[in-house]
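Here's the structure we're looking at; comments come further down.
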Amino acid sequence: MSFTNFRPPVGSRPGTLAIPEGSPPPEIHLVVWSPDAAEDRRVEDLAELERPLPEGSFAWVDVRGLGDEAVLWEVSRIFGIPPLALEDAVNVPQRAKVQEHPGHLQVIARLPTLEEDGAIQTPQVCFMIGPRHLITFQERYFGFFDAVRQRLRDGLGPMRKKGPDYLAYALIDTLIDHYYPVVEALSDELTTLEEDALAADDPDTLTRIHLVRRQVAVLRRIGHPQRETIGQLARSPLPHVGDDVRTYLRDTDNHIAQIMELGDSLREIAVGLTEVFMTQVSHRTNEIMKVLTLMASIFIPLTFMAGIYGMNFEYMPELHVRYAYPLLIITMFVVGIGMLVYFRHRGWIGRRRRDR
């Protein structure tokens, strides 16, 4: 999809939504939890979202798909989401960031996913953290949060005893974990390319190296803003994020920092492989030119001798010698062999001798 498809027309008023082309209609799932239980269901009627929560309970509203503007505006109205916040949630892609809004803390996150053809996609997830609810907007259903949802249903860990801020942390941490398979896949590809670059016998190797460099650039482009965002969540006092949750977020901050360091290393390796491949190609070209030059050097004196006796002068004493022809052939053969021996002694052909 073109990047321009996700932007409203020039001159549009702030808060104008530009629904992503091909986006599926919203499918809303609601999880209501308390320390004792968790109920997970699909929302069939938006009026369900307006029902008051039981005392001591929290709600997670997961919006999957952005294809119906009316539904999105209704969700915004029910939870009091400002138009500018909804615009950032819907008009993808946005840069990863943290933004305070009345009644909500908005967190924009992006993550890399590997497609079957090796391309990297960077879907966006928007978190709206409120005092008793968490709203997530996904471009489409990716299954990123299934494990966290299962933990919440099963009551594993402290998740049920915590509020929306802890759930937001768990979901963000899950998104960051999705960086690792991408980094590992790129690292494996670079390992394969290292062998191919040293061999330098496949012209497609350079194309593959450039493809990996582009993928690493995408990873770093979305990862560095993500690192800033998580660092801000972990270190800055923000509404709707407790001090205990910031402790967990600092661990996530360490993870994204490690990932970005790996991304920087992958970039350096990819650049180095390009240089290695070009050096190997240049070396191979030089070897070919050396062989051709040596062959020409051998035939220069032979051609000179053949040229002399190929001239049409009438008085050439050697022309009347009975064994002149075999003597010339033997001489040319000896000269050729002598030059080969000399070239080998100099290390220009065969095993290169060490300079003393």
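The values are calculated or read from the model by the stated rules, or taken from the named source; none is laboratory data. The structure displayed is predicted, hence computed values, not measured ones. Positions of Cβ are generated from backbone atoms using ideal geometry, with glycine treated the same way; all protein chains shown enter the neighbour counts.
A few comments on the model shown:
- Residue list for the range 87-136, filter: of a type in the set (Gly, Ala, Ser) and assigned to a strand (DSSP E or B): ALA109
- Complete set of residues in the range 309-338 that are farther than 23 Å from SER297 by Cα and not hydroxyl-bearing (Ser, Thr, Tyr): ASN312, PHE313, GLU314, MET316, PRO317, GLU318, LEU319, HIS320, VAL321, ARG322, ALA324
- Checking VAL183 against (1) in a helix (DSSP H, G or I); (2) out of contact with any strand residue (DSSP E or B) (no Cβ under 6 Å at 6 or more places or on another chain); (3) surrounded by fewer than 20 Cβ atoms within 10 Å (Cβ to Cβ), the condition it does not meet: (3)
- Positions within the range 112-134 being in contact with a His (Cβ under 8 Å, 6 or more places away or on another chain) and either more than 27 Å from LYS162 (Cα to Cα) or of a type in the set (A, V, I, L, M) (or both), in sequence order: PRO112, THR113, MET128, ILE129
- Among (1) farther than 25 Å from GLU55 by Cα; (2) touching a Phe, Trp or Tyr at 6+ places or on another chain (Cβ under 6 Å); (3) buried (at least 19 other Cβ atoms within 10 Å of the Cβ) - the single one TYR169 does not satisfy: (1)
- Looking across ARG322, ARG344, one residue alone is assigned to a loop (DSSP other than H, G, I, E, B), over 30 Å from ARG208 (Cα atoms) and among the basic types (Lys, Arg). It is ARG322.
- Against the criterion of being at pLDDT 95 or above, closer than 19 Å to ILE108 by Cα and over 30 Å from the mean Cα position of the chain (by Cα), PHE58 does not qualify.
- One residue stands out in the range 305-338 among those that are small (Gly, Ala, Ser) and surrounded by 11 or more Cβ atoms within 10 Å (Cβ to Cβ): the one that is modelled with the lowest pLDDT, namely ALA324.
- Between LEU266, LEU233, LEU211, the distinction of being surrounded by 12 or more Cβ atoms within 10 Å (Cβ to Cβ), in contact with a Ser or Thr (Cβ under 8 Å, 6 or more places away or on another chain) and either part of a helix (DSSP H, G or I) or not assigned by TED's automatic domain parsing to the domain that holds PHE58 (or both) belongs to LEU266 only.
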